[in-house]
Amino acid sequence: MAIWFTADTHFGHSNIIRHCNRPFASVAEMDEKLLRNINDRVSPEDTLYHLGDFAFRTTSPEEYRAKIRCRKIVLLLGNHDPQTLDGSVKPAFASLFSGVHSLLRIKVQLRGSAQLIVLCHYAMRVWDASHRGSWHLFGHSHGKLPDDAGRLSWDVGVDRNEFAPVSLPAIAEIMARKAAAPAVEPGPPEPTDADSDSK
């Protein structure tokens, strides 16, 4: 059973083609390509983490969910996913997924050790244990944020990743390259005697 990540499919959203310069002539062509890319890669037994904006709010998300073979899809809420005014998830929409979260911490096994990954629709500059090697995956930005080489975060949205989900091994390769790059900013300064409260 493999683990996959994606975001920002925007099923049924015709204007996203223009907004993000997607190479599709119609929303039907876009939807077909996105669904095919998911089903060609993600098996029914795999886990797919979808980091938000599953379908446009005026569509029927259950129709798109029914076309995806993967049985376990965990959703991180995006700004286009249906929510009530108080921010809670509409029950009918939540029932389409194995879990619905605003932010989620997961641990995965890689080469015999546990790797912490922080998932959210929105990109963060710092996140839980970011100074200890945890990873952050996000969507929302549609590939438009500059990639910080030394920061262990990645946009898993379809616009950044050839309109397809990204596997956990592929994420591990990306993070290995980023970890080898120079740090984007120094850590917090070391405390000095002047910082102490000693009298």
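Assorted remarks:
- Convex hull volume of the chain per residue (C-alpha atoms, cubic angstrom): 159 Å³
- Under-5 Å amide H pairs with residue 163, H placed in peptide plane, nonlocal only: none
- Pairs of alpha carbons in region 2-66 whose separation is greater than 21 Å (percent): 20 percent
- For residue 20, neighbours were defined as the other residues whose beta-carbon sits under 15 Å from its Cβ, and their charges (Lys and Arg +1, Asp and Glu -1) total -2.
- In the chain, the DSSP-assigned H stretches of four residues or longer account for a calculated mean residue ellipticity at 222 nm of -6000 deg cm²/dmol, using -39500 (n - 2.57) per stretch and the full residue count as denominator.
- Calculated from backbone phi, Karplus (6.51, -1.76, 1.60) coupling profile of region 63-69 in Hz, x at Gly/Pro: 5, 6, 4, 5, 8, 9, 6
- Ranked by how many other Cβ atoms sit within 10 Å of their own Cβ, fewest first, the residues 175, 124 fall in the order 124, 175.
- Among 104, 48, sorting on how many other beta-carbon atoms sit within 10 Å of each Cβ, with the fewest leading, yields 104, 48.
- Acute angle (nearest 10 degrees) that the helix 27-41 long axis makes with the longest principal axis of the chain, alpha-carbon atoms: 60 degrees
- When only alpha carbons of region 90-187 are considered, Rg and Dmax amount to 14.2, 46 Å.
- Dipole moment magnitude, nearest 20 debye, region 3-195 about Cα centre, only Lys, Arg, Asp, Glu C-beta charged: 480 debye
- C-alpha long axis of helix 168-180 to longest principal axis of the chain, angle in °: 30 degrees
- Placed amide H near residue 46: partners under 5 Å, 5+ positions off or other chain: 2, 71
- In terms of other Cβ atoms within 10 Å, 98, 134 run from fewest to most in the order 98, 134.
Here, each number is a calculation from the coordinates, and none is a lab measurement. In this text, all values refer to a predicted model and were calculated from it rather than measured experimentally. No Cβ is skipped: glycine too gets one built from the backbone with ideal geometry, and neighbour counts run over all protein chains shown.
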